[in-house]
Amino acid sequence: MSYQAYQKAQQSSENPSQIEYRLFAQVTNALIEARDKNFQGADLVKALDWNRRMWSVLSSDCGTKGNSLPDQLRAGIISLSIWVSKHSSAVARGAETVDDLISINRTIMEGLADQARLQAKAAEGNTSGPQPGTVNSTL
């Protein structure tokens with residue numbers, strides 16, 4: 001089996017929270033590498049930009065009509081996205097460190113892991129769809 005076929009099979013078996021967790025993990029690992037290897041200039045900006053773009057997409061998704069997340073959670077994600085953008089600029093200028101960005105991402109990852117466990121448990125108990133009271137979200 002080729003690597004691409006394996007990736008496709010893996011992705012098709014993941015629920016939304018698992019996919020989002022994997023993306024957060026990849027982006028956060030890039031930020032950790034930038035910190036640990038003391039990246040400067042373009043190398044640092046590359047990691048910061050990836051993180052900023054991820055948060056921008058999340059924010060845009062929260063602002064779209066039909067997003068099923070609760071209003072308060074959507075507003076919180078949009079606010080975090082704005083903060084991430086501003087903080088990333090400060091990190092690029094050398095005025096702040098990347099540690100707070102890593103911390104925020106890790107906190108989100110913990111929530112996504114919890115959500116993935118709930119989704120998996122709901123799927124085990126009901127093969128016809130989501131259980132009442134479960135949240136289907138994009139974050």
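How high is the FRET efficiency between ALA75 and ARG22 when r is their beta carbon distance and R₀ equals 30 Å, given to the nearest 0.05?
Working from the Cβ atoms, E equals 0.75.
What is the distance in Å between the Cα centroid of the range 84-111 and that of the range 17-72?
10 Å
So what is the relative contact order for the range 16-122, in percent, with contacts set as C-alpha pairs under 8 Å and at least six apart?
The value is 39 percent.
Mark the label point 7 Å from the Cα of ARG106 along Cα→Cβ and return the residues of the range 44-66 whose backbone N is within less than 18 Å of it.
Correct set: 48, 51.
Values quoted throughout were computed directly from the atomic coordinates according to the rules given, and no laboratory measurement underlies them. Being a predicted model, the structure only gives us computed values, none of them experimental. No Cβ is skipped: glycine too gets one built from the backbone with ideal geometry, and neighbour counts run over all protein chains shown.
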